[in-house]
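Note sheet for the following structure.
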Amino acid sequence: MIIYNVRNEITMENAADIMCEGNPELVMTRVDTKKIIFKNKRNANNVVIETDTQTYRVMKQIKLMIMWTLCHSEDYVSLSRCFKYSRFNHHFSEFRRETCPLCAGKHKMRECKATRTEYRCINSTTYNKFNQNKTVKEDHSTLDSKCTRMQVMVEKYRQNTAY
């Protein structure tokens, strides 16, 4: 799970204790905060943790009180995407050419000169190529969180995770 806008005083070592202090309904039997703590735009921390099923279910139903601050939490889903070809669950060594994640052109993203109207998702394009009877929109970048193919991958990830 990812917990948003956690105060800077929270560290990997004290995160579980502080979360339990402010939220008596949490009984954290196992919390692994070794994952990630990173700064957001407001210079507050976002914390990614792994917990057991019982704690996860409680955290989904409440807002966490952490050091007198209400913090929102949600599932943290990290999809694997090839940095060269922009395809999900692929490794860069499987392909010889690069694909721009913005316009699906045969160049690097930093060399892309496409405008928003020229964006094209390589994952949606490939899906449409092999599924003639079902078509999805292609007029977005591969990085767009509203991409239909990305949503399918997120849903598959959630189905394969034991909550």
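For a paramagnetic label modelled at 7 Å from the Cα of ALA44 toward its Cβ, which residues of the range 1-23 fall within the zone defined by backbone nitrogen distances under 13 Å? It comes to 3-10, nothing else. Helix content alone sets the calculated 222 nm mean residue ellipticity of the chain: runs of n ≥ 4 DSSP H residues at -39500 (n - 2.57) each, divided across all residues, give -6500 deg cm²/dmol.
Highest mean first, the peptides 65-74, 15-24, 109-118 sorted by other C-beta atoms within 10 Å per residue fall in the order 15-24, 65-74, 109-118.
Each of VAL48, VAL6, VAL77 was scored by other Cβ atoms within 10 Å of its Cβ. Arranged with the fewest first, they read VAL77, VAL48, VAL6. Taking the number of Cβ atoms within 10 Å of each Cβ as an exposure proxy, the fewest-first ranking of MET153, MET12, MET59 is MET12, MET153, MET59.
For TYR56 and LYS134, the FRET efficiency from 1/(1 + (r/R0)^6), where r spans their Cβ atoms and R0 equals 41 Å, is about 0.80. Taking Cα centre as origin and charging only the Cβ of basic (Lys, Arg, +1) and acidic (Asp, Glu, -1) residues, the dipole magnitude of the chain rounds to 1020 debye.
Quick check for me: using +1 on Lys/Arg Cβ and -1 on Asp/Glu Cβ, what's the dipole size of the range 81-144 about its Cα centre, in debye to the nearest 20?
I would put it at about 140 debye.
For the chain, the relative contact order works out to 17 percent when only alpha carbon pairs closer than 8 Å and six or more residues apart are counted. Summing charges over all other residues whose Cβ lies under 14 Å from the Cβ of ASP139, with Lys and Arg as +1 and Asp and Glu as -1, gives +2.
Which one of TYR119, ASN133, GLY105 is farthest out on the positive end of the charge dipole of the range 81-144, using unit charges on Cβ (Lys, Arg +1; Asp, Glu -1) and the Cα centre as origin? Farthest towards the positive pole: GLY105.
Comparing SER73, PHE83, ILE2 along the charge dipole axis of the chain, the residue lying farthest to the positive side is PHE83, per the Cβ-charge model.
FYI, it's all coordinate maths here, none of it is from the lab. Since this is a predicted model, take the numbers as computed values, not measurements. Glycine gets a Cβ as well: all are built from the backbone with ideal geometry, and neighbour counts include every protein chain shown.
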